[in-house]
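Structure first, commentary second.
Each reported figure results from applying straightforward, stated rules to the coordinates on display, with no laboratory input. From a predicted model like this one, the values you see are computed outputs, not experimental measurements. With ideal geometry, Cβ positions are generated from the backbone for all residues, glycine too; neighbour counts draw on all protein chains shown.
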């Protein structure tokens, strides 16, 4: 791939700081957050006689940064219903894999695709598919370059951005798509980003003409989805992988159940995700 810029470090750092807001950031670049607010819809998850009281207990969960908004609402809702303290670390897949391998602690890994669980499979006791992860071809609003599909990304006047193939699922997918469509040597790659949500922002700001991005992240101003079937065969699923060194079985069991509830499903679908089943 032709490259006019390998990474946009300053831009990515600025975006990361803006996304983190008041959240803490560890030395690996990941963002840690304690669940606090109820779902954005304003509808609290109702308690019932079967709701477990998990006050004083806690869960440590790793989640891909691109899913931070919906998953934080799910974590908030579970904490509100049960009293369980939800400690969620958001980062790219490579960072999370390293943390799991080195720390040997945590309860769940919510990954961008099943492929991202494979490097830590020895630390996983089970996995359940939650929602579909659908890649799309995002273009600048109005599609001024007239892009109709992946082949057009090989044109000399089209600048494309992708996620870092070494650390993000969407970046790995983009690299495979370029290879499958025979444009790896002709794509003009303007930048790579460390998280999926940054891609739409880059296109929306006019820094690039197109990006391969997850459907739910294509919500920035100045961006639209190119209607093409080129990416239909690259759809993935988001799994909830339960880590084998989880020590709080009661809370982990309750959260596993909650992940399959209507309340959790409604949050996912509100953000544009499609349920896996």
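Things to note:
- Quotient of Cα Rg and 2.2 N^0.38 Å for the range 116-214, N being how many residues it contains: 1.17
- Histogram of C-alpha separations across the range 53-137, 5 Å bin width, %: 3, 13, 24, 24, 19, 11, 4, 1, 0
- Sites residue 118 and residue 261, calculated FRET efficiency, Cβ-Cβ separation with R0 25 Å, nearest 0.05: 0.35
- Extension gain from residue 224 to residue 151, taking 0.36 nm per residue of separation minus the Cα-Cα distance: 24.5 nm
- Cβ-Cβ FRET estimate between residue 176 and residue 275, R0 fixed at 22 Å, reported to 0.05: 0.30
- Fully extending the segment from residue 87 to residue 235, taken as 0.36 nm per residue of separation minus the present Cα-Cα distance, adds 50.4 nm.
- Label-reachable residues, the range 242-276, where backbone N falls under 14 Å from a point 7 Å from residue 128's Cα toward its Cβ: 242-243, 250-266, 276
- Gyration tensor over the Cα atoms of the range 176-277: the corresponding equivalent ellipsoid has semi-axes (square roots of 5 times the eigenvalues, largest first) of 33, 17, 15 Å.
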